[in-house]
Amino acid sequence: PRGGQALRWALWNYLGAVSITCVFLYVQQYMWAAIIEDSTRPSLREYCVILSRVPPELNDEEKLREKLGDWMDTCRIDRTGIRDISVAYDIPSKWHDKVRQLI
């Protein structure tokens, strides 16, 4: 009788250890995958980019989005990070500092 009880406790300990190990492994893999994805897929969505020397005729947002997306592809940056495009030409020099403060 005593040996059977010890065997039962050993079995429960083994199953508990395996279960906890599986849960730990799952959580660790999930977190590691999230960390790797964040570090391998950079995006410019948190930044404001000022472009200079853009031809004045290139003022269509979709064309700019396409050109910027092509550039981002060459830099291996996710082109879906482009959220908004604002076009402004010929900003008077007296407004340059105020525009830069807004950015």
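The values are calculated or read from the model by the stated rules, or taken from the named source; none is laboratory data. None of the values given here were measured: they were computed from a predicted structure. Note that each Cβ is placed from the backbone with ideal geometry, even for glycine, and that neighbours are counted across all protein chains shown. Keep in mind that these areas ignore ligands, DNA and RNA; they rest on the heavy atoms of the full protein, side chains included. Shrake-Rupley method; radii C 1.70, N 1.55, O 1.52, S 1.80 Å.
Of note:
Okay, residues lined up against (1) open to solvent by less than 100 Å² (accessible area, probe 1.4 Å); (2) at pLDDT below 80:
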| site | (1), (2) |
| --- | --- |
| Arg45 | no, yes |
| Val49 | yes, yes |
| Leu68 | yes, no |
| Met72 | yes, no |
| Cys75 | yes, no |
| Gly81 | yes, yes |
| Ile85 | yes, no |
| Ala88 | yes, yes |
| Leu102 | no, yes |
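- Tabulated pairs, region 54-65, first basic (Lys, Arg), second open to solvent by less than 70 Å² (accessible area, probe 1.4 Å), C-beta under 7 angstrom, 6+ apart or interchain: Arg65/Ile82; Arg65/Ile85
- Tyr26, sole failed condition from (1) open to solvent by less than 100 Å² (accessible area, probe 1.4 Å); (2) modelled with pLDDT of 75 or more: (1)
- Scanning region 51-66 for residues that are part of a loop (DSSP other than H, G, I, E, B), open to solvent by less than 80 Å² (accessible area, probe 1.4 Å) and either under 12 Å from Ala88 (Cβ atoms) or of a type in the set (A, V, I, L, M, F, W, C) (or both) turns up Val54, Leu58.
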